[in-house]
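K.L.:
I have a structure I would like to understand better, so I am pasting it below and will then ask my questions one at a time.
Just so you know, all these numbers are worked out from the coordinates, no wet-lab data involved. Note that the structure is a prediction, hence the values are computed from the model and not measured. Every residue, glycine among them, receives a Cβ derived from its backbone with ideal geometry; neighbour counts consider all protein chains shown.
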Amino acid sequence: MKRPAGFSLMETLAALALLALLLLGVIASLDTIARSTHASLAATQRLDEMRAAQNYLRRALSGALAYPWALGHDKQPVVFRGDGQAVTFVSPGPGYLAADGLQLQKLAIVGKPGDQRLEVSFAPLATRAGAGVVPTSPETLLEHVTSGRIVYSGLDDQGHPVTWKPSWPYEQRMPTMVGVELQLRVGLHWPTFVVPLRMDSAAVNDREAYTRLAAVQAKP
C-alpha cells in the first residue's frame, strides 16, 4: 500500500515541540544577555557618578580660598566652616553646576541613616553693596550612601598640628587637608579620599572682609 505524502500528526506535533523548546532556549539566552547588559550599564553608570563626584571634590576643595564670607560671634571673618556632615567654603564654581566665578559652596551628607546622599549647593558672595547670600537648590553628587563623614587636618591658632578631626573649630583659618569617608550601598568601594588645600591657611584680608561683611549685616 502506498504511504500518503506529507507528515503525520505525530511528526508535526514532535516538530512543534522541538521548535518550542528551541525558542524557549533562545528567549532565555536573550533575557540573560539583556539582564547582564543592564547590570553592566548600571554598574558603569554608578562608577561614572562616583568618579564625577570625586572630580568635583578634588577640584572644589583644592581650589578653596581663604575668602571671608561671614562674621562669627566674635566679629572675626569666617573663611571655612566644617563638621562631620557638612563643609562650607569659597571656591570657583564649576560651570556645569553653578555660575562661573567665586561661589560660596556647601558640601553636605544628608538623608536618613542607611539612605543618604552627597550634595552641594552654591551661593553668590556678599558684596559691599549689601547683597545677601542666597543659596541655590542643592545638586546631588552621589546617591545610595549608607554612611559617611568629613574629617579635617591642619594647624591650630598656635601652629600646632590638628590631625583628622570630625570638625574644624578654627573658622578664621583654612585646614590643610580635607578627607571624605563614605560607605556606598550598591557595592562600589569609595577609596580613602583626601584633598590637600593649596591656599595658605593664614592668607586672609581681614580689613577688606570686615568692611564688606559689616556693610551687609548693617543693611536692613
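K.L.:
Between beta-carbons, use under 14 Å as the cut-off and find the net charge around E143, counting Lys and Arg +1, Asp and Glu -1.
P.N.:
Every neighbour counted, the sum reads -1.
K.L.:
Count the net charge of all other residues whose Cβ sits under 12 Å from the Cβ of R81, scoring Lys and Arg as +1 and Asp and Glu as -1.
P.N.:
Computed value for this residue: 0.
K.L.:
Can you list which of the chymotrypsin sites (Phe, Trp or Tyr not before Pro) found in the stretch 8-101 are DSSP loop residues with at most 12 other C-beta atoms within 10 Å?
P.N.:
Y96
K.L.:
In the neighborhood of V90, defined by Cβ-to-Cβ distances under 12 Å, what is the net charge if each Lys or Arg adds +1 and each Asp or Glu adds -1?
P.N.:
Computed value for this residue: +2.
K.L.:
For L16 paired with A28, estimate the spin-label separation in nm (one decimal), with each label point 7 Å from Cα along the Cα-to-Cβ line.
P.N.:
So the two model labels end up 2.2 nm from each other.
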